[in-house]
1. Sort 174-182, 63-71 for me by packing, meaning the mean count of neighbouring Cβ atoms within 10 Å per residue, highest on top.
2. Using only alpha carbon pairs under 8 Å that are at least six residues apart, calculate the relative contact order of segment 310-412 and give it in whole percent.
3. Would you mind pulling out the separation of the Cα centroids of segment 257-291 and segment 374-412, in Å?
4. Can you tell which of ILE48, ILE198, ILE165 shows the greatest fluctuation in a Gaussian network model of the chain with Cα springs below 10 Å?
5. Non-local amide H neighbours of LEU70 (under 5 Å, H modeled in plane, Pro and chain starts lacking H): which ones?
6. First compute the accessible area of the chain with a 1.4 Å probe, then give the percent of it belonging to carbon and sulfur atoms.
7. First select every other residue whose beta carbon is under 11 angstrom from the beta carbon of ASP388; then total the charges, Lys and Arg +1, Asp and Glu -1.
8. Give, as a single signed number, the net charge of other residues whose beta carbon lies under 12 Å from the beta carbon of VAL331, with Lys and Arg counted +1 and Asp and Glu -1.
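The values are calculated or read from the model by the stated rules, or taken from the named source; none is laboratory data. Because the structure is a prediction, the values reported are computed rather than measured. Counting neighbours? That spans all protein chains shown, and the Cβs are built from the backbone with ideal geometry, glycine included. Areas reflect the complete protein model, heavy atoms only, side chains present, ligands, DNA and RNA absent. Shrake-Rupley method; radii C 1.70, N 1.55, O 1.52, S 1.80 Å.
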Amino acid sequence: MADRVTVIGWDGSPLTGAATAALSAATLVAGAAHHLALPEVPANAERIRLGSIDLAARRIAGHRGSAVVLADGDPGFFGVVRNLRAPEHGLEVEVVPAVSSVAAAFARAGMPWEDARTVVAHPRTLRRAVNVCRAHHKVAVLTSPGAGPTELALLLEGVHRTFVICEELGTSREQVTVVTSEKAADHVWRDPNVVIVIGGGPEPQAAGAWLAGGLPAHPHDVRGWGLPAEAYAAEATGSGAESGEGESPGLRAAQLARLGPRTGDLLWDIGSGSGALAVEAARFGAAVLAVDSDPAACARTAAAARAFGVQLQVVEGRAPHVLERLPEPDVVRIGGGGVPVVTAVTERRPERIVTHASTRDEAEALGAALSGNGYTVRCSLLQSVELDTAAWSERERSVVFLLSALRSDLAP
């Protein structure tokens, strides 16, 4: 096993004394081609081009002598340190850090970044990274070949964002370019790059922030979820407009519990109505497409999103036809449209679907459509009674069938 493994971060600036000393004593050096070309790398040291980190780690584990691994930026931030410390390799490492590429990108842009989300985009995680960009105002994307600015822009079709693209940070070929997401696909970008994705309204204020990775809740923000319908009507329109069928807080809370929307997910809310469920899903960190054929409902949803400070995309159109051009969903709430909409949604194979019915016959038809298209279905009859606590008399009663469906290949 290697006597010592030192991981050195490199951000383009001159190496520190500690890094230079570790390199001078190295008998094995691993890194990318531009790292191995550094003049500080000993001429007689064994050199390994970093491709597979696991393969390099096995080579290092079998080496007798001092090993150095060179990596761009901070190797402890989405870097090689985690892989090298994996139990199967048995390596103990010392780290000489450098400025992370994310920190460098925001510095070049002259922007604060404690309120930014950071995601890694590989071809296998690109869609989830894009969903984070849909849901949040400021996101740093660490890209990779096949999951770069062009691919981000193409998957963000219909969502306007500004891209700050930082190519080859720390090198003589460093370049920072600001373009709109619609124009990003018109260029060829060099790897490696970091893309800062900004947009969806004015930048939220983070005065007094104490939590990195997004703005913490403000003391005056609304607490909780499954809020009464009038909270959304009042926020959006300044009035206490009545909610429509299927929008009771109890049903909405149960639907959200069954869907479990989370960061990286894309939720379709078909028949968004007041926008209450769409807004609450966005508050959980999910990307949301709120679909409704009624222009007034679309306006209410957009107003509610602004009032609660969340990002979502409103799509005006009638399901199921409008669904054909939407990006792939992870979870779907169907607020209306019957069997044709349920069938169209199942063809897109989301992980979870929830819908509701006002009669048993309707519930049976929807359940049959879900189970017949590869979903395991549960149905509950929900009854809620709202009381007037001054007289303890019944004020409002709601009875509805809740159907929740899990894709059969994921069912226990």
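1. On the way: 174-182: 15.2, 63-71: 22.2.
The packing order, highest mean first, is 63-71, 174-182.
2. So the answer I get is 26 percent.
3. 18
4. The residue with the greatest mean-square fluctuation here is ILE48.
5. Placed amide hydrogens put ILE8, ALA30, GLY31 under 5 Å from LEU70.
6. 52
7. Net of charged neighbours comes to -2.
8. With Lys, Arg at +1 and Asp, Glu at -1, the neighbours total +2.
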